[in-house]
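First comes the structure, then the notes that go with it.
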Amino acid sequence: MFWWRTAALLLGAIFLALLLQPIVGWRISLAVLSGSLLALLGYHLYNLDRLGRWLNDPTPDTVPESYGAWEGVYSRLYRMVRAQGKSQRKLSAALDRFVAAGEAMPEGVVVLDSNDRIEWCNPRSMQHLGLDRKKDLGQHVAYLVRLPAFQHYLTTQDYSQPVILRNVAGSDTILSVQLVPFDSTRKLLLTRDITQLERVQTVHRDFVANVSHELRTPLTVVGGFLETLIDMPDMDLATRQSQLKMMFDQTGRMQRLVEDLLTLSRLESGAEGREDRVDAVQLAQVLAAEAEGLSKGRHQVCVEVLSEAGLRGNYDELHSAFGNLVSNAVRYTPEGGQIRLKWRLEDGCGVFAVEDTGLGVEAQHIPRLTERFYRVDRGRSRSTGGTGLGLAIVKHIAQRHQAKLEVSSELGKGSCFRIRFPANRVLEPQELLLSSK
Ligand code: ADP
């Protein structure tokens, strides 16, 4: 197009000069031809200059306008620059989105270049590895994460599994760190906080170890007695009876342990229990009768009811929680002691309490009493048939009822275990008339 137009103008000027020559003579027609060629040259030089200046800042809005041959050139330039701008905007929007996604990731992401220097990192990785985006970009990652386990992982070049790092940047977080090669030379460094997971696994491991230990002792006792019975078929009746009695006690202990474990697992499974209208006064009396049964007359048991209010909750669970407190009071109170079951309202909250004048617990043990298998006096707990799970069950049941277990105790003087229920679980006495339990 450009060539055609210029060639047409040149031919036009030559044709005009030839046409004028017979009329105005050679000189004038040559002057007209030269003038036309100069004008054409000027037009091109002028536009070339505008193009050169526009190229210093080539935006679509400043593309020069012209006519003739340069009009087509400029309009094509305009279209090209506009299309380019559009695809650039699209690309940078896509890039922004990827960066924003990387920034928002709940896991740490660091981009490493071919020399393991940090190119980019997201806020979570900064938090995990103690990085500073301003200072640490361009730094070698091994200078910043100096743990030997990481250095070894980086150099082995086997990144199929993550490496577990503890005490990174002086924090007690446990990190799972994995390198993922990409783009033939670069690497992604992914960091994940697994502190909670590790804790759960430790608790789980300890729990399995505890359960095995708890079961091993009675099993060893039963196994030993059985062996003796097999080896000594003509053992005297009294010894045989006493050994059978001890075996029976041990199997009872295992049974209680299994029952408590099943109760805990049911409570932990989170399945909602049925909601009953529980007559707390009647429940306190049932528990007092049970306490007397357990005590076999060795303690003085009394019930102190200061409210007729009831409770909204699962009867079986509440019975089990209060029953555990009562059984503990009987087991940890020496003969002649007093056990008091109390039900009252305090600021609208329902409070069920079991008070005893027993052995009591030193203050430092109190926060740990609800841990599974935590016992202050292991021997006493076992000899009185304890599983070490009673208060863990009580705490779970309290939590399922949005209630709180409060403990106060003094060594040698006695203890008070209280379960405080929120006001919205307390029922007016007349509401109990509708209840079945
Ligand atoms: P256990 O089966 O050993 O009684 P629990 O979880 O019911 O397990 O109680 C945990 C520990 O708390 C007990 O081993 C005991 O040392 C202490 N404890 C619980 N109740 C009382 C109490 N009323 N008086 C003194 N110590 C208690």
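The values are calculated or read from the model by the stated rules, or taken from the named source; none is laboratory data. Note that the structure is predicted; figures quoted are calculated from it, not measured. Positions of Cβ are backbone-derived with ideal geometry, glycine not excepted, and every protein chain shown enters the neighbour counts. In case anyone asks, the SASA skips ligands and DNA or RNA and just uses the protein heavy atoms, side chains included. Shrake-Rupley method; radii C 1.70, N 1.55, O 1.52, S 1.80 Å.
Within the stretch 81-98, how many residues turn out to be surrounded by 13 or more Cβ atoms within 10 Å (Cβ to Cβ) and under 30 Å from residue 119 (Cα atoms)? Total satisfying the criteria: 1.
Hey, among 410, 428, 362, 335, which residue is more than 26 Å from residue 309 (Cβ to Cβ), surrounded by fewer than 19 Cβ atoms within 10 Å (Cβ to Cβ) and more than 14 Å from the ligand (Cβ to nearest atom)? Spell out how you get there, then give the answer.
Numbers: 410 fails: more than 14 Å from the ligand (Cβ to nearest atom); 428 fails: more than 26 Å from residue 309 (Cβ to Cβ); 362 fails: more than 14 Å from the ligand (Cβ to nearest atom).
Answer to the selection: 335.
If you check 84, 21, 88 for being free of Cβ contacts under 8 Å to residues at least 60 places away in the same chain and under 30 Å from residue 189 (Cα atoms), only one passes: 88. Evaluated against (1) under 30 Å from residue 216 (Cβ atoms); (2) not in a helix (DSSP H, G or I), residue 256 falls short on exactly one condition, (2).
Residues in the stretch 298-318: is at least one assigned to a strand (DSSP E or B), touching a Phe, Trp or Tyr at 6+ places or on another chain (Cβ under 6 Å) and open to solvent by 30 Å² or more (accessible area, probe 1.4 Å)? Yes: the stretch 298-318 contains one or more residues that are assigned to a strand (DSSP E or B), touching a Phe, Trp or Tyr at 6+ places or on another chain (Cβ under 6 Å) and open to solvent by 30 Å² or more (accessible area, probe 1.4 Å).
Taking strands (runs of 3 or more DSSP E) as the structural unit, those lying wholly within the stretch 59-171 and holding at least 1 residues that are small (Gly, Ala, Ser) correspond to 108-112.
For residue 229, indicate whether it is surrounded by 13 or more Cβ atoms within 10 Å (Cβ to Cβ) and part of a helix (DSSP H, G or I). Criteria met by residue 229. Considered as a group, the residues in the stretch 121-173 that are surrounded by 13 or more Cβ atoms within 10 Å (Cβ to Cβ) and at positive phi include one that is modelled with the lowest pLDDT, and that residue is 169. The number of residues in the stretch 386-404 being touching a Pro at 6+ places or on another chain (Cβ under 9 Å) and of a type in the set (Ser, Thr, Tyr) comes to 0. Of the set (1) within 11 Å of the ligand (Cβ to nearest atom); (2) more than 25 Å from residue 259 (Cα to Cα); (3) open to solvent by 20 Å² or more (accessible area, probe 1.4 Å), all apply to residue 344 but (1).
Scanning the stretch 389-407 for residues that are open to solvent by 30 Å² or more (accessible area, probe 1.4 Å), out of contact with any Cys (no Cβ under 9 Å at 6 or more places or on another chain) and within 16 Å of the ligand (Cβ to nearest atom) yields 395, 396, 399, 405.
Do we find a residue being under 30 Å from residue 308 (Cα atoms) and open to solvent by 40 Å² or more (accessible area, probe 1.4 Å) anywhere in the stretch 366-388? Looking through the stretch 366-388, none of the residues is under 30 Å from residue 308 (Cα atoms) and open to solvent by 40 Å² or more (accessible area, probe 1.4 Å). Close Cβ contacts (under 6 Å, 6 or more residues apart or on different chains) running from residues in the stretch 208-228 that are among the β-branched types (Val, Ile, Thr) to residues that are assigned to a helix (DSSP H, G or I) comprise 221/250; 222/247; 222/250.
Every test in (1) crowded, with 17+ Cβ neighbours inside 10 Å; (2) over 21 Å from the mean Cα position of the chain (by Cα) is passed by residue 191 save one, and that test is (2). Within the option set 46, 78, 67, 74, being free of Cβ contacts under 8 Å to residues at least 40 places away in the same chain and open to solvent by less than 40 Å² (accessible area, probe 1.4 Å) holds for one residue only, 74. Beta carbons closer than 6 Å, at least 6 apart along the sequence or on distinct chains, pair a first residue in the stretch 133-158 that is of a type in the set (A, V, I, L, M) with a second that is loosely packed, with under 14 Cβ neighbours inside 10 Å and not in a loop (DSSP other than H, G, I, E, B) for 142/151.
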